[in-house]
1. Could you work out which residue, out of Val259, Val85, Val53, moves most in a Gaussian network model of the chain, that is, has the largest mean-square fluctuation with Cα springs under 10 Å?
2. If you average the alpha carbon positions of the stretch 92-109 and of the stretch 250-305, how far apart do those two centres end up, in angstrom?
3. What is the extension gain from Arg67 to Val275, computed as 0.36 nm multiplied by their sequence separation minus the C-alpha to C-alpha distance, in nm to one decimal?
4. Which whole-number percent is the relative contact order of the stretch 226-299 (Cα, under 8 Å, 6+ apart)?
5. When only C-alpha pairs under 8 Å and at least 6 residues apart count, what is the relative contact order of the stretch 66-187, in percent?
6. Given the peptides 304-315, 190-201, arrange them by the average over their residues of other C-beta atoms within 10 Å, most packed first.
7. In percent, what relative contact order does the chain have, based on Cα pairs under 8 Å that are 6 or more apart in sequence?
8. Out of the total accessible area of the stretch 20-98 (probe 1.4 Å, heavy atoms of protein only), what percent is carbon and sulfur?
Amino acid sequence: MSSLSLGAINSGQQSDVAETRIAVVLPCHNEAATIASVIENFRRALPSAAIYVFDNNSTDGTADIARRAGAIVRTEMRQGKGHVVRRMFADVEADIYVMADGDGTYDASLAPTLIELMKRNHVDMVVGTRADVTKDAGRGGHAFGNKIFNSLFSAMFGRQFTDIFSGYRVFSRRFAKSFPAVSGGFEIETEMSVHSCQLGIPTLERPTPYGIRPEDSDSKLRTFRDGFRILGMFLMLAKETRPAAFFGMIGLVLTLLAVGLSVPLVFTYLETGLVPRVPTAILSVGLVLVATVTAVCGLILDSLARSRVEAKRSVFLSYPAGDWSK
């Protein structure tokens, strides 16, 4: 075989090795009004990327429109964004995953910038934070909820993120394939943020414009329903990731309640030598016992939580880091 032929083969092999597989993944539920333009915008921004639309029981023809627009369409029957994200990460094979919503509120033209940030800084997740989200969230309740939940997240899990609900994110392969995705609904972004903080996964944020839905496209968020679901997710994640603090707080509250009930009894006993309210005394002792058991359970679960973190990190590290130097 000639040296020219060998050179051509080597050149082709190097090209194959250097090529980075990029997948744009779009979870959708009834986004017929916007999905075609979203696909077109991402195709223009990332010409070499494979664009996947994961339809979540749409009734307005979203899947057909996406298919005609040239996207690869998959279906997830279990209702909820969390189920869709779990399916996307399991089914799609890529080196870089770009996740956005199908409602047209995220700027597709910034996808190459987010990818470049990830490559240049060797991180595993870049979050496109929503500029002025508290002004453009569409409702006063949503804006207020964003402020409250972001502050609560910072207090509980650290200040690594400023917009935990952004759905515009870029992931490395090892993040996507190792993320457990326990959530079933819109709280999935919160779980991603907690997962990153818990394992110390390198991440970055970059402000991006946040658009407003077209008039014929309805938001799937429900202020109180989803707010309570996200609050429940916060409590569940606090229990799972920081059990010593979670159960210790419960034990402290029970102890303070017991002390509050028993103080009058102590003063009465010191004055008269009698304990006239025996049921209250029994209740106070019972509360202290329950508080002690709760605190001990928290300590035991904390050891188990640390073991789980080690196991999660082992899974995360079992996937090779992206070689962005090529």
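1. Highest fluctuation of the listed residues: Val259.
2. 53
3. In short, 67.1 nm is gained.
4. 43
5. With pairs under 8 Å counted, the relative contact order is 42 percent.
6. 190-201, 304-315
7. Averaging sequence separation for qualifying contacts and normalising by length gives 17 percent for the chain.
8. On the way: 1570 of 3160 Å².
Ligands and nucleic acids excluded, carbon and sulfur reach 50 percent.
The values are calculated or read from the model by the stated rules, or taken from the named source; none is laboratory data. Every value quoted in this text rests on a predicted model; they were computed, and no experiment measured them. All Cβ positions, even for glycine, are placed from backbone atoms using ideal geometry, and neighbour counts span all protein chains on display. Calculation scope for accessible area: heavy atoms of the full protein, side chains included, ligands and nucleic acids excluded. Shrake-Rupley method; radii C 1.70, N 1.55, O 1.52, S 1.80 Å.
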